[in-house]
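Values quoted throughout were computed directly from the atomic coordinates according to the rules given, and no laboratory measurement underlies them. What you see is a predicted model; the values in this text were computed from it and never measured. No Cβ is skipped: glycine too gets one built from the backbone with ideal geometry, and neighbour counts run over all protein chains shown.
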Amino acid sequence: MQRVKLISKILFYITRLLSFLYLTGILYSIFCLLTGWSIIPYGDGKYLHILYPFTQQPFLNIDNNLPYILFEFIMPLLLYGLFFLLSSNVFKVFHQPKLFTTAAVQHLKNFYWANLTLPTAALFCAMAFAEVEGIAIALVFIHYILGIFVYFLSEIFKQGLKLQKEQDLFI
């Protein structure tokens, strides 16, 4: 069990860092897009460079059209920031002193609900306003399978929590 705790702690920090980077990057990008600060158009205005703060170095290169910005830039990065945040909470479950807790079950539940609903909702939303590539449908399918797997895991944790509570009452 020590190896599981070590691996989950490492993965917790990696996914928490990824979440921070995604969410910070997208919040910075949204700020730049809304204010026009640190943005340089290029390619006859078809594209934008979002620059690193206080530099002239490009941080991100994006198309300069609203459907692209909303559905192929902001939405995926925001959703993956949330995905890594929820993933880090799942990994946190496995390095806690007590494995079967109400909080652990809730973290698993949040993760599977997000994977079962958000990608599909994002896909349908994007389909209404922009052309969706086949890779996006494949990613939704992968998230759906991941959500189902974690649903089963959460049911096992619910059963473990129930047995643990019964054991605590018995002692």
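How far is helix 75-93 tilted, in degrees, relative to the longest principal axis of the Cα atoms in the chain, given as a value from 0 to 90 rounded to the nearest 10?
Its long axis makes an angle of about 20 degrees.
Under the Karplus relation 6.51 cos²θ - 1.76 cosθ + 1.60, θ = phi - 60°, what is the ordered set of whole-Hz ³J(HN,Hα) values for the stretch 41-50, x standing for Gly and Pro?
x, 8, x, 6, x, 6, 10, 10, 9, 9
With unit charges on the beta carbon (Lys/Arg positive, Asp/Glu negative), name the residue among Thr102, Ile62, Leu77 whose Cα is farthest towards the positive pole of the charge dipole of the chain.
The listed residue farthest towards the positive side: Thr102.
Could you sort the peptides 30-43, 4-17 by per-residue average Cβ neighbour count (10 Å cutoff), highest mean leading?
By packing density, highest mean first, the sequence is 4-17, 30-43.
Rounded, prolate or oblate, given the Cα gyration tensor of the stretch 1-83, with a/c below 1.5 counting as rounded?
Because a/c hits 1.5 or more and a/b exceeds b/c, the stretch 1-83 counts as prolate.
Given the options His143, His49, His107, which has the most mean-square fluctuation in a GNM of the chain, springs set between C-alpha atoms less than 10 angstrom apart?
His49
Which order do the peptides 112-124, 155-167 come out in when sorted by mean C-beta neighbours inside 10 angstrom, highest first? Provide the component values of the computation, followed by the final result.
On the way: 112-124: 17.6, 155-167: 13.4.
Highest to lowest by the protection proxy: 112-124, 155-167.
Towards the positive end of the charge dipole of the chain, with charges on Cβ (+1 Lys, Arg; -1 Asp, Glu), say which of Ile7, Leu27, Tyr47 has the farthest Cα.
Going by the charge dipole, the pick is Ile7.
I'd like the orientation of helix 134-170 relative to the chain: the angle between its Cα long axis and the longest Cα principal axis, in ° from 0 to 90, rounded to 10.
30 degrees
May I ask you to list the lysines whose Cα is less than 18 Å away from that of Lys162, ignoring any residue fewer than eight positions away on the same chain?
Output for Lys162: Lys98, Lys109.
So, counting K/R as plus one and D/E as minus one, what does the shell of residues with Cβ under 12 Å around Lys9 add up to?
Combined, the nearby Lys, Arg, Asp and Glu give +4.
Where nothing but the Cβ of Lys and Arg (+1) and of Asp and Glu (-1) is charged, how large is the charge dipole of the stretch 40-134 around its Cα centre, in debye to the nearest 20?
Using only the charged Cβ atoms, the result is roughly 620 debye.
Along its principal axes, what span do the Cα atoms of the stretch 36-120 show, with the longest given first and each in whole Å?
57, 30, 15
Can you tell me, using C-alpha contacts under 8 Å and at least 6 residues apart, the relative contact order of the stretch 2-170 as a whole percent?
Relative contact order of the stretch 2-170: 23 percent.
Quick check: net charge around Ala130, other residues with Cβ under 12 Å of its Cβ, Lys/Arg +1 and Asp/Glu -1?
-4
So what is the diffusion coefficient of the chain in µm² per second by Stokes-Einstein at 10 °C and 1.306 mPa s, using a Kirkwood Rh over Cα pairs?
The estimated diffusion coefficient comes to 86 µm²/s.
Could you point to the residue in Ser88, Trp113, Ile135 farthest towards the positive end of the chain's charge dipole, with +1 and -1 charges on the Cβ of Lys/Arg and Asp/Glu respectively?
Ser88
Based on DSSP H runs of at least 4 residues, each adding -39500 (n - 2.57), what is the mean residue ellipticity at 222 nm of the chain after dividing by all its residues, to the nearest 500 deg cm²/dmol?
Helices in the chain give a 222 nm mean residue ellipticity of -25000 deg cm²/dmol.
For labels at Ile40 and Phe54 in the simple 7 Å Cα→Cβ model, what's the distance in nm?
1.9 nm
So, in nm, how far is label Ala130 from label Gln159 when the simple model puts each one 7 Å beyond its Cα toward the Cβ?
Using points 7 Å along Cα→Cβ, the separation is 4.3 nm.
So if I place +1 on the C-beta of Lys and Arg and -1 on the C-beta of Asp and Glu, and nothing else carries charge, what would the dipole magnitude of the chain be about its Cα centre? I want it in debye, nearest 20.
Taking the Cα centre of the chain as origin, the dipole is about 920 debye.
Modelling each spin label as a point 7 Å along the Cα-to-Cβ direction, I'd like the Val4/Thr24 distance in nm, to one decimal.
In this crude label model, Val4 to Thr24 measures out at 3.3 nm.
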